[in-house]
Amino acid sequence: MIELVPNEGPSPQPSPRARGEGGTRAAGGCGAASDGSPLFRKILIANRGEIACRIIRTARRMGIATVAVYSDADAAALHVRMADEAVAIGPAPSAESYLKIERILEACRATGAEAVHPGYGFLSENPVFAQALAAAGVIFIGPGPAAIAAMGDKIQSKKLARAAGVSSVPGHLDVIPDAESAVRVARDIGYPVMIKASAGGGGKGMRIAADDEEVRDGFRSATSEAKSSFADDRIFIEKYIEQPRHIEIQVLGDSHSNIVHLGERECSIQRRHQKVVEEAPSPFLDPETRASMGRQAVALARAVDYRSAGTVEFIVDRERNFYFLEMNTRLQVEHPVTEAVTGLDLVELMIRVAAGEPLPFAQEDVRLDQWAIEARVYAEDPRRNFLPSIGRLVRYLPPAGDGIRLDTGVFEGAEISVYYDPLIAKLIAFGHDRPTAIDRLCRGLDEFYVAGVQHNIPFLAAVAAKPRFRAGALSTDFIAEEFRGGFSPHSGFVEPDRIILLAAALAHRRIRERETAIGGQLAGACGEIAERSVVLLDGRPHPVSVRPEGSAYRVEFEGESRLAATDWQPGQALLHIRAEEHSATVQIERSPGAVFRLVHGGVVRRAQVLPPRTAELLALMPEKQASDTSRLLLSPMPGLLSAVTVSPGQEVKTGEPLAIVEAMKMENVLRAERDGRIAHIRANPGDSVAVDQVILEFE
């Protein structure tokens, strides 16, 4: 059963019109084919979240009505509010809603939708879905089923790539039946190797192995993850290219035998094989390599008669040798950076191609005249190894301004669910060159305030602040090498601390001035307010002096004297500083005890501002001892406890699996951190567990 909910009108959730999304260069008029005949009157978006919202924006601009589909968990989601109509398609789990082909077909019949845009993920690369739509007389806004099937099978796609003359990674492209066979294949190829699911994608079903034991363990876990995520546990192995870059080529084809490429995207900043930061163009490619990669990408697309937007992914070594990785037969998460640098709207072009129109430009017309960088903002905790976070967005203040585009599917008060990918938004910064794009990205991250869930915004800011990132010295090992041991607060006193220290001093001063004014004195009578204080940044003392100077303040600290102004008022989440040398934004939260939590440039600090004598006395206080949890296995995140692999009384060794927690489409194996014996099991398989819930106890 489906439930049809007509919306009264589009949601008043404005989204700044971004470069590349306001219209397609050289395309026909909105809502009509180039010959004047009508395009689709109504399309259904078989997806959710930010990509559904992004597709709706373009369709609305083209004058095309939209239909949203939603699960029980998404009844109040932004894409439901934005669409002209909305159809309920089932329970929260995607396998019972967004992956149900018949539910989507029913929604098309109920609403009269003439075409379906699948977005990315879910059914976007399912040839059976495309065939089912065709049988029902509904246009699939994507490539043909044969192309999807050919490129969706990683083994078959590599064989096709070799036949089309595309450079490929050495490997064993036959299905590997078991772990011991995998070991033999890996030895023949030579370590290190990459174990990959044939139907994989999004970093799932992939493991790197450097020896026999890692192959055995990786084969088992990749097989399990692939079966759970794709219902297909076929595995193959290929050579792992060390220090590689991940660079992909955007292709676009139509039904008139026209195929072009739109340049490349650098996607090397990854974690667990999942892209985190992407940019276009690549700071590494030269024109010759770009042209060669583009020719091979087009050749592969032509080999499968490709008709729509798609992406051919390559890995590139230090000498700019490139090897085919896979082809994604859909719109990519990171497509906005290509839109920003080319001025093209890929969603509009996909719709026009699906309607039978030819591409409105040739290869020689494609221009790359901007630089763009995208950062994926996730609900996850960087200090807990990036484990997902769920909850309500109690505050949501997205950035805006020149060179900033935000693609999102949430709003203040929205819920981040355990059932789906924890993406909050994609922040895209662009400008005339790479330094400008980086500067705007850093500003946007500093101004992006989210409360209610843990998130990775400080981590993204820390990535952008790395000298190696600025230099463009990227590889897929960037995060592992630059954040050894994981993401944690900086040690020592780093440059963002100067801004944070300045912000703490100014905030304290503004609070004291307000308290003085409320107490009945003139707001300008600041003689009663002490000028000298001590700012404790994570317990480290920093003497400061703050005194009014005209409409600003003279702040002295760490041997520096800065004239700075701010309009910040207590209760505001962002403190904007206008200083002599530059402006900056610091995120600020105030808690009892005159304690601030301040964030800037990827640095997170707790700060207290105290009179000098109080700071001296506080330093003499004994530290509070944390409770001992060394004998407990705690759930690192909310999710489903899918397995407990030990029993009471069992002896376990360091590194041995204890339990498996599933959340947001990822399987997380919890292992023993030391040798010991299991005393009690406190949770059972099938239980929903909260973060820090006890799963078992050691003796």
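The values are calculated or read from the model by the stated rules, or taken from the named source; none is laboratory data. These numbers were taken from a predicted model, which means no experiment stands behind them. No Cβ is skipped: glycine too gets one built from the backbone with ideal geometry, and neighbour counts run over all protein chains shown. For accessibility, only protein heavy atoms count, side chains too; no ligands or nucleic acids. Shrake-Rupley method; radii C 1.70, N 1.55, O 1.52, S 1.80 Å.
Details
- Flag for Arg318 being surrounded by fewer than 20 Cβ atoms within 10 Å (Cβ to Cβ), part of a helix (DSSP H, G or I), in contact (Cβ under 8 Å) with a residue 24 or more places away in the chain and of a type in the set (Lys, Arg): no
- Some residue of region 33-50 being in a helix (DSSP H, G or I), at pLDDT 95 or above and crowded, with 18+ Cβ neighbours inside 10 Å: yes
- If you check Arg440, Arg468, Arg498 for being over 30 Å from Pro283 (Cα atoms), open to solvent by 40 Å² or more (accessible area, probe 1.4 Å) and of a type in the set (D, E, K, R), only one passes: Arg498.
- Taking each residue of region 144-167 that is surrounded by fewer than 22 Cβ atoms within 10 Å (Cβ to Cβ) and looking for partners that are acidic (Asp, Glu) and outside any helix (DSSP H, G or I) with beta-carbon atoms closer than 7 Å, six or more apart or interchain, yields Gly144/Asp305.
- Exclusive hit being free of Cβ contacts under 8 Å to residues at least 40 places away in the same chain and either closer than 29 Å to Arg440 by Cβ or in a loop (DSSP other than H, G, I, E, B) (or both), set Glu364, Glu374, Glu412: Glu412
- Conditions (1) open to solvent by less than 80 Å² (accessible area, probe 1.4 Å); (2) at pLDDT below 90; (3) more than 32 Å from the chain's Cα centre (by Cα); (4) among the small types (Gly, Ala, Ser): number failed by Ala565: (2)
- Members of region 89-135 that are over 21 Å from Ile148 (Cβ atoms) and surrounded by fewer than 21 Cβ atoms within 10 Å (Cβ to Cβ): Gly90, Pro91, Ala92, Pro93, Glu96, Glu106, Arg109, Ala110, Gly112
- Residue satisfying all of: in region 38-67; aliphatic (A, V, I, L, M) and touching a Leu at 6+ places or on another chain (Cβ under 8 Å); nearest to Ala136 (Cα to Cα) among these: Ala46
- Residue match in region 596-614 (condition: loosely packed, with under 11 Cβ neighbours inside 10 Å and among the small types (Gly, Ala, Ser)): no
- Test result for Ile247, touching a strand residue (DSSP E or B) at 6+ places or on another chain (Cβ under 9 Å), touching a residue at least 24 places away in the same chain (Cβ under 8 Å), open to solvent by less than 10 Å² (accessible area, probe 1.4 Å) and among the hydrophobic types (A, V, I, L, M, F, W, C): yes
- Residues satisfying the stated conditions in region 357-381, i.e. aromatic (Phe, Trp, Tyr) and more than 26 Å from Ile139 (Cβ to Cβ): Trp371, Tyr378
- Screening the candidates Val463, Val450, Val494 for the property of being among the β-branched types (Val, Ile, Thr) and at pLDDT below 95 yields one hit, Val494.
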